[in-house]
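The values are calculated or read from the model by the stated rules, or taken from the named source; none is laboratory data. Small disclaimer: the values here were computed from a predicted structure and weren't measured. Here the Cβ is made from the backbone with ideal geometry for all residues, glycine too, and neighbour counts use every protein chain on show. Ligands, DNA and RNA are stripped out before the accessible areas are found, and what is left, the full protein with its side chains, is counted by its heavy atoms. Shrake-Rupley method; radii C 1.70, N 1.55, O 1.52, S 1.80 Å.
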Amino acid sequence: MNQTFTAARVIKPFLTIFSIAIIFSLFLPSVCFAFKPVARWDVVPYQRIKYGSSMKIGVIAFSKPGINRVVITPSGQGYSGGAKTVTAMTLNDRTGVYEYWTTLSAGEFTGNGAITVSAVVYDNDNNSRSLSLSLIVEGASAYSPKVAWVDATRGNDSTGTVGNQSAPYRTIGAAVAAAQTANGGSSNGNIIYLQEGTYSVSGVSANTSSEWLTITKSATADRSKVIINTGQLRTGYLKYDSVTLQSRGSGLWVATEASTRLWTNNCRKIGSGRWVSGSNPVSYSDFDNHYSTNTFTYNVDYAYNRMALVRGAEIVSIGNDAFENTPFIVNTTLTDSSNGPTTWHNDAFQIHTTGTPPPDNRIVYNYKATDLGYEGFFMRSDAGQATDNAFVNVLVEMREPPDESEQGVVFSPLMMNQGTWDHLIIWNCTFTLGTSSLNATHTNSSIVGNVFWQFLHEGTAVGDPNPAHSEPGNTNGNEYLYNHYMYVYGQGSFCTGYEGYPSNWPCPQWYAKRPDSHPTGSATIGGGVIDLKDPSLASFGAPVANSVLIDRIPFVKVPADLYGNPRIGKSDIGAIEASFSESPPDAISVPADFQLK
């Protein structure tokens, strides 16, 4: 069972008013690089702030020098609240994420309609990045959306009535059309409620220009029994909420770019076979217009491709990439990824630049990927320099036996071997088993507080533990600080090679290093430092008792660990603080209404 991403399980003292002064190292020379903070809105756009209500909106941001402040300024509809400055990441209980958040109240506006929220993120070197968010506010009066109900069993398209739950329509198409007519020819903000049943959206279209049309289950319906399995609804803004989207076979998608913008929230995406090409019921590949929140995905080939935002995803039993070229991933779990009889290069996270711009301003924050047989993170930027990318609180578990493709065994939790990367951030991550490698050229980067089973760099001579790009005073502007390397060639204990490991490779591998830019040394080495027994437990990947990882970093780069446990004072190395609880958490897990067979 996957784990919760909340701050409920806290053993270390918790600060009521949480404020962390980030202490940054002064160990590197002054090297001038042009870069921006890595920052994105953790908000799905085009939502309403309802009359008399408020919304907590936040930005997730990281930068090598640390974030100084985020200045959030709404405009439009008579806004009178002024700029809101946030200086620390704290828990936003709306999203379950530590982020730079503030509250927008409808009472701060005098009109109804669209607003723009600007955010400027400043780091401690005064580098900045500007962001923009579109929302809708009810500042003057409450808005009542047009609603209709659909019942596949007892509904009637001839007698159905908008706004009357006792007079449902039989088909989604009839309900959408009737609600749109009642709303003056627009489906902006309309809501269609579905009773239990199996539905089609073939031939259904709607007119939306600025707001989501929501298709959701009725209040009493079971999400697993509200199934859409045929057709693709055509509209500008489509939100599927708390329904099951199900594939009937290869390429039989039920949500595609037929809707210009797509949002799935609290949905179940059930595929037609993880080793079947095109088996995900959702096929959408637009960097800017596809959002997923708190959605469960099962038995598909690819899980997500080119998403604008994925938060709270749970992915179980897939055959290909969990994430391909997806720039923003938060609070997500993946279990059981295997390419089976195929030769697919199935990765937990893949960046490639074939036909795609180089990765810029991408964030992976709080991602637990376990039971992987081929590869964890595979990243390349062969179409140009990658800039401003952050990977924070990531745990990757490779598990034997390894899968093979036509390229043989890869079995790597982290591989970045192509292109050039500037301002790459890898903070508080844990990469277990297999060999991680960062052979690609990287500058101005910050690799701090991570656990590596082995860390390879083949551009450095055998036996030389520290590549030039990570040495103290290196001219690349990189910092490698307070990392732990379980196995280093020629140093400390030797490990047992995993199944499929080339027989002519020693273990540790010849090029297994321990990069460290601290002038007097901050890296540690040695096995047996983390719990690797059961990946379903919260303790998995956490430091064992008396581990050298505990309280090893004399500053806090990341305010909380993978599960939301605050890091206070000195933080532990790796994705999980030692302050875990053995009691089972109570959030993102395989839904009770769906039993794995």
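What number comes out for accessible area per residue over the chain if the probe is 1.4 Å? Units Å², please.
Details: 20950 Å² over 597 residues.
Per-residue accessible area for the chain comes out at 35 Å².
Under Stokes-Einstein, with the Kirkwood radius over Cα pairs as Rh, the value for segment 245-373 at 10 °C and 1.306 mPa s is 111 µm²/s. Computed per residue of the chain from DSSP H runs no shorter than four, each worth -39500 (n - 2.57), the mean residue ellipticity at 222 nm is -500 deg cm²/dmol.
Residues Arg170, Arg234 ordered from highest to lowest accessible area at a 1.4 Å probe: Arg234, Arg170. Spin-label model, Trp510 to Ser130: label points 7 Å out along the Cα-to-beta-carbon direction sit 5.2 nm apart.
Sorting 275-283, 459-467 by their mean Cβ neighbour count within 10 Å, with the most densely packed peptide first, gives 275-283, 459-467.
Extent along the principal axes, Cα only, for segment 340-499: 46, 43, 29 Å, with the longest axis given first.
Report the chymotrypsin sites (Phe, Trp or Tyr not before Pro) located in segment 33-84 that are in a DSSP loop and have at most 16 other Cβ atoms inside 10 Å of their Cβ, or state none. Before the final figure, lay out the partial values.
On the way: sites: Phe33, Phe35, Trp41, Tyr46, Tyr51, Phe62, Tyr79; in loops: Phe33, Phe35, Tyr46, Tyr51, Tyr79.
Passing both the DSSP loop test and the Cβ count: Phe33, Tyr51.
Ordered by solvent-accessible area of protein heavy atoms (1.4 Å probe), largest first, the residues Val59, Val544 come out as Val544, Val59. The DSSP beta bridges internal to the chain are antiparallel in roughly 30% of cases. Here is the list for segment 76-139: trypsin sites (Lys or Arg not before Pro) lying in DSSP coil, each with at most 16 other C-beta atoms within 10 angstrom of its C-beta, are Arg94. Annotation: Lys146 carries an accessible surface of approximately 70 Å², with a 1.4 Å probe and no ligand, DNA or RNA atoms counted.
Rounded, prolate or oblate, given the Cα gyration tensor of segment 471-573, with a/c below 1.5 counting as rounded?
Values: a/c = 2.21, a/b = 1.14, b/c = 1.94.
Oblate, because a/c is 1.5 or more while a/b does not exceed b/c.
Where in segment 416-431 does the amide nitrogen come within less than 18 Å of the point 7 Å from the Cα of Thr356, taken along Cα to Cβ? Inside the label zone: 416-422, 424-425. Where the accessible area of segment 100-171 is counted over protein heavy atoms with a 1.4 Å probe, how much of it, in %, is carbon and sulfur? Whole-percent figure for carbon plus sulfur exposure: 43. Surface composition of segment 312-407: carbon plus sulfur atoms hold 44% of the accessible area, using a 1.4 angstrom probe and ignoring ligands, DNA and RNA. Potential lengthening of the chain between Thr116 and Ser80 amounts to 11.6 nm, from the contour at 0.36 nm per residue minus the alpha-carbon distance.
Kirkwood radius, segment 75-122, all distinct C-alpha pairs, inverse of mean reciprocal distance: 12.3 Å. Going 7 Å from the Cα of Lys56 along its beta-carbon direction, which residues of segment 555-579 have the amide nitrogen within less than 19 Å of the resulting point? Within reach of a label on Lys56, which here means backbone N under 19 Å from a point 7 Å along Cα→Cβ, segment 555-579 contributes 559-567.
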